[in-house]
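One structure below.
The values are calculated or read from the model by the stated rules, or taken from the named source; none is laboratory data. Everything numeric in this text was worked out from a predicted model, so none of it was measured. Cβ atoms come from the backbone with ideal geometry, glycine included; neighbour counts cover every protein chain shown.
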Amino acid sequence: MKTKWDHFYKKTYQQRLDLIAKEVGLSADQLNKLGNDSTVSRNLIENFLTDYPLPEGVVTNLKVNGQEHLVPMVTEEPSVIAAASNGSKLLASGTGIKAEVLSHLIGGQIVIKDFPLAKLTQFVDQHRPELFAVANGSHPHILQYGGGAQKVGVRKLDEHFTSVDLAVDPGEAMGANTINTMLEAVAAWLQQKLAVTVTMAILTNFEAERIVQVNGTVPFSALETQSMSGETVAKRIADASRIAEIDHYRAATHNKGIMNGIDAAVIAFGNDWRAVESAAHSYAAKDGHYRGLSQWSVSATGLAGHLTIPMPIGYVGGATKVLPLAKINQQIAQVTNVREEMKVIAAVGLAQNLAALKALVTDGIQKGHMNLQLNSLAMANGATREELPVVVDRLKKMKQPDSTDVKQILRQLRR
């Protein structure tokens with residue numbers, strides 16, 4: 001069946017704009033805001049329409065393994081960067097953040113239907129070197145930068161399906177295309193050798209072998225508030241952390257807070273934040289119960305935090321090659337390889353989590369967000385840069401300000 005959208009991707013940029021404008025009734029002003037032809041973006045995605053701008057800021061005070069980093073973050077959420085910088089400063093007041101990459105392998109699976117498990121397992125065990133040679137041969141350049149197939153195993157899924165699991169060191173790349181190519185080559189080889197029925201061959205976003213571990217401590221003195229001692233704040237943060245271990249309602253929000261910072265940094269570095277999200281949340285449920293990814297505990301001298309998280313990113317390849325800001329942001333962050341980038345991004349997650357938990361157990365999450373939220377409210381309702389300070393100052397004095405209040409203030413200012 002033919003539609004007006006057939007071969008939309010073949011149309012010129014202006015033809016696409018004109019067709020959409022006619023279909024939905026866009027004004028000339030709207031078209032002007034939308035129109036932004038870009039050779040890079042046009043070749044990066046299909047049916048390109050425009051570049052959608054998001055603000056980029058930088059996290060300060062992040063100290064990882066003794067080195068201070070400025071970390072670019074791309075986010076529309078008003079409080080994320082402020083909170084991450086605050087959490088980084090708290091952690092820097094202690095030992096800083098210690099980070100380590102525990103493993104760096106990307107996994108994938110070849111799912112086989114109705115084939116004897118014992119026979120498949122025996123074949124894979126006996127032909128491991130040959131299987132690795134087939135995998136590496138499909139992507140020979142991987143061996144030039146120290147990667148390649150590292151592990152293989154066979155796993156029963158149910159009475160019909162079995163998975164051949166391959167793990168690959170992708171070097172400096174994220175590795176999705178690499179492992180998919182390898183899996184398809186090994187799948188074809190298994191079909192030739194054993195006449196198996198392959199249902200699919202695909203990477204997994206359950207990244208249990210691409211793990212970063214970060215730890216940090218904060219002295220009690222850095223946690224003090226006007227109404228609470230530092231030790232009391234630390235104990236309340238530890239309690240909040242414990243709740244995320246036992247209650248999936250809280251764990252989901254706990255982990256979302258961690259990912260607020262991680263996603264923003266991943267986007268800034270030109271990586272696939274959806275893969276990182278998928279890996280993080282599946283890892284949080286790896287034991288069959290969804291839990292918080294970080295844990296906080298109280299010692300004799302302060303608060304100790306620990307975060308273990310998958311980090312499926314690349315330093316090279318993918319969008320990092322075609323998005324100019326990605327390379328600039330790597331330079332700003334002073335990261336020179338994928339492992340450094342993994343550590344820095346995970347450290348942002350720990351700092352983000354600390355700031356959120358401290359706010360949550362002291363003044364409440366809304367107080368720290370209020371100034372930035374009021375800025376957003378004022379701008380969304382038409383306040384100019386010059387009007388913004390006055391509008392926000394008046395909104396602060398109101399109990400529950402909303403759009404109506406902003407418009408009333410603006411009317412008064414503009415008389």
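General remarks:
- Looking across the range 306-318, the residues that are part of a loop (DSSP other than H, G, I, E, B) and at pLDDT 95 or above come down to Met311, Pro312, Ile313, Gly314, Tyr315.
- Within the range 313-324, the only residue that satisfies the criterion of being closer than 24 Å to Asn255 by Cβ and touching a Gly at 6+ places or on another chain (Cβ under 8 Å) is Gly314.
- Residue in the range 45-54 that is out of contact with any His (no Cβ under 7 Å at 6 or more places or on another chain), over 24 Å from Leu360 (Cα atoms), among the hydroxyl-bearing types (Ser, Thr, Tyr) and surrounded by fewer than 22 Cβ atoms within 10 Å (Cβ to Cβ) present: yes
- Val154, sole failed condition from (1) part of a helix (DSSP H, G or I); (2) not assigned by TED's automatic domain parsing to the domain that holds Ala356: (1)
- Residues located in the range 282-300, provided they are surrounded by fewer than 17 Cβ atoms within 10 Å (Cβ to Cβ) and part of a helix (DSSP H, G or I): Ser282
- Comparison of Arg274, Arg236 shows that the only residue that is in a helix (DSSP H, G or I) and either within 20 Å of Ala355 (Cβ to Cβ) or of a type in the set (A, V, I, L, M) (or both) is Arg236.
- Residues located in the range 94-110, provided they are over 17 Å from Pro310 (Cα atoms) and surrounded by fewer than 17 Cβ atoms within 10 Å (Cβ to Cβ): Thr95
- Candidate set from the range 56-106 (those that are more than 11 Å from Val344 (Cβ to Cβ) and among the basic types (Lys, Arg)); member that is nearest to the chain's Cα centre (by Cα): Lys98
- Residue in the range 214-237 that is buried (at least 22 other Cβ atoms within 10 Å of the Cβ) and within 22 Å of Arg274 (Cα to Cα) present: yes
- At least 2 residues being of a type in the set (Ser, Thr, Tyr) and under 30 Å from Asp263 (Cα atoms) is the threshold, and among the helices (runs of 4 or more DSSP H) wholly inside the range 8-70 those reaching it are 39-44.
- Unique match (being in a helix (DSSP H, G or I), at pLDDT below 95, in contact with an Asp or Glu (Cβ under 8 Å, 6 or more places away or on another chain) and not assigned by TED's automatic domain parsing to the domain that holds His69) among Leu372, Leu377: Leu377
- Just one residue in the set Ile81, Ile142, Ile112 is in a helix (DSSP H, G or I), of a type in the set (Val, Ile, Thr) and touching a residue at least 60 places away in the same chain (Cβ under 8 Å); that residue is Ile81.
- Of all residues in the range 263-288, those that are under 12 Å from Met174 (Cβ atoms) have Cβ atoms under 6 Å from Cβ atoms of residues that are modelled with pLDDT under 95, 6 or more apart or on another chain, in Gly270/Ala319; Gly270/Thr320; Gly270/Leu323.
- Screening Leu303 against (1) outside any helix (DSSP H, G or I); (2) in contact with a helix residue (DSSP H, G or I) (Cβ under 7 Å, 6 or more places away or on another chain); (3) under 30 Å from Gly270 (Cβ atoms) leaves a single unmet condition, (3).
- Residue count, the range 66-82 (criterion: touching a Phe, Trp or Tyr at 6+ places or on another chain (Cβ under 8 Å) and farther than 21 Å from Lys98 by Cα): 0
- Pairs, first surrounded by 11 or more Cβ atoms within 10 Å (Cβ to Cβ) in the range 397-410, second of a type in the set (D, E, K, R) and assigned to a loop (DSSP other than H, G, I, E, B), C-beta under 7 Å, six or more apart: Leu410/Glu387
- Residue that is farthest from Val322 (Cα to Cα) [pool: residues in the range 1-38 that are exposed (fewer than 10 other Cβ atoms within 10 Å of the Cβ) and under 34 Å from the mean Cα position of the chain (by Cα)]: Val24
- Hits in the range 157-198 (condition: among the β-branched types (Val, Ile, Thr), surrounded by 16 or more Cβ atoms within 10 Å (Cβ to Cβ) and in contact (Cβ under 8 Å) with a residue 60 or more places away in the chain): Val168, Thr178, Ile179, Val186, Val196, Val198
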